[in-house]
Ligand code: SAM
Ligand code: SF4
């Protein structure tokens with residue numbers, strides 16, 4: 001069997017062809033839904049080196065993974081991350097190299113990212129009001145992110161998508177303005193339900209979580225949403241508006257379970273292969289990488305074996321099931 005055939009199939013018959021690789025747990029923002037204000041980050045010895053991250057990506061592509069998304073924390077704050085991105089862009093077997101970023105450094109780095117082979121870019125933005133943007137990100141500057149979005153548009157990525165987490169009491173009145181901002185620029189936007197990953201320190205998530213049914217209804221007050229039949233092999237369900245190029249995505253992990261089609265796994269920056277966003281099932285890839293007697297083949301065998309423990313689904317806000325204690329920056333969003 002040629003190496004490019006996908007060898008990652010879990011016990012529910014789902015093929016894993018997508019990894020989200022976290023390159024750092026650190027960030028220059030402290031978004032209220034993602035981090036606490038006084039975060040302690042991992043010591044250097046515990047995080048994977050750039051070479052170790054590359055070896056993991058290589059192992060996955062040799063097992064049939066075609067799509068890698070770099071995330072974090074904020075990927076662009078990792079020292080020398082561009083050298084990793086360039087190497088990943090040249091990795092045989094990769095069809096898509098994508099990045100999720102807070103956009104604050106894109107005004108400097110967008111052209112280099114495009115040259116390095118990044119295909120698609122997701123940029124998080126939860127408010128178009130500078131004061132409110134700062135309140136949600138605790139430290140971020142809106143003008144930097146807006147400049148980053150413009151730089152990304154100029155660089156000519158295959159696709160740009162904005163990610164917005166809508167929360168009651170923070171930004172639920174911005175659904176239309178965020179949608180219009182994306183429509184005016186022919187870029188996509190996805191609304192993401194706030195997930196209960198770890199405890200939020202500034203609010204009770206049960207009170208702020210805003211369902212995507214509510215968001216859809218808010219958009220429908222102004223636009224007719226036409227459900228898209230396009231399959232994206234991801235959790236986003238898309239809609240379009242007549243005469244507009246942008247796609248409006250809805251990622252609804254809290255109110256609409258999408259685990260049936262799950263095609264992805266995550267690798268944390270500590271080298272923990274997380275089989276599910278909402279469960280703790282994982283295996284330790286770092287110990288294999290750092291064991292001198294282990295080979296690339298051992299790494300690949302461990303990844304194949306991990307498919308056995310990929311859970312069928314997550315159960316957010318279900319008392320019968322344990323809830324994740326890790327925050328999103330430790331998960332790799
Ligand atoms: N720093 C980058 C960014 O903000 O885009 C990449 C990492 S961030 C963890 C990835 C995505 O996760 C962002 O779009 C962010 O809004 C989202 N996110 C973080 N915590 C979340 C939570 N508790 N629920 C839902 N989405 C969350
Ligand atoms: Fe940083 Fe992204 Fe988390 Fe915000 S969502 S704190 S930008 S990692």
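Every number in this text was worked out from the coordinates using simple rules, so none of it is lab data. Since the model is a prediction, treat every value here as computed from it, not as a measurement. Counting neighbours? That spans all protein chains shown, and the Cβs are built from the backbone with ideal geometry, glycine included.
The long axis of helix 175-184 is offset from the longest Cα principal axis of the chain by roughly 80 degrees.
Does anyone have the angle between helix 106-116 and the longest principal axis of the chain? Alpha-carbon axes, 0 to 90°, nearest 10? Relative to the chain, helix 106-116 is tipped by roughly 40 degrees. When both the stretch 226-286 and the stretch 206-221 are represented by their alpha-carbon centers, they are found 18 Å apart. Plainly put, the stretch 18-331 has a radius of gyration that is 0.94 times its Kirkwood radius, both from alpha-carbon atoms, as the Rg/Rh ratio.
GNM on the chain, alpha-carbon springs under 10 angstrom: the most fluctuating residue among 169, 198, 73 is 169. If you take the alpha carbon atoms of the stretch 136-286 and fit the smallest convex hull around them, that volume is 155 Å³ per residue.
Would you mind giving the three semi-axes, in whole Å and largest first, of the ellipsoid equivalent to the stretch 39-139 according to its Cα gyration tensor?
26, 17, 12
When both bridge partners sit in the chain, DSSP labels roughly 30% of those beta bridges antiparallel. Relative to the longest principal axis of the Cα atoms of the chain, the long axis of helix 142-155 lies at roughly 70 degrees.
Its alpha carbons considered, the stretch 104-194 gives a radius of gyration followed by a Dmax of 13.0, 40 Å. Remark: the residue 257-residue 49 segment gains 71.4 nm on full extension, using 0.36 nm per residue and subtracting the alpha carbon distance.
Highest GNM mean-square fluctuation among 205, 44, 26, for the chain modelled with Cα contacts below 10 Å: 44.
Highest GNM mean-square fluctuation, the chain, Cα pairs closer than 10 Å: which of 264, 132, 120? Greatest mean-square fluctuation among the candidates belongs to 132. Ranking of 70, 50 by neighbouring Cβ atoms within 10 Å, starting from the fewest: 50, 70. Exposure proxy ranking for 252, 293, 22, 287, based on other Cβ atoms within 10 angstrom of each Cβ and starting from the fewest, stands as 293, 287, 252, 22. Over the chain, Cα pairs under 8 Å with separation of 6+ residues give a relative contact order of 21 percent.
Cβ crowding within 10 Å ranks 258, 133, 60 as 258, 133, 60, fewest other Cβ atoms first.
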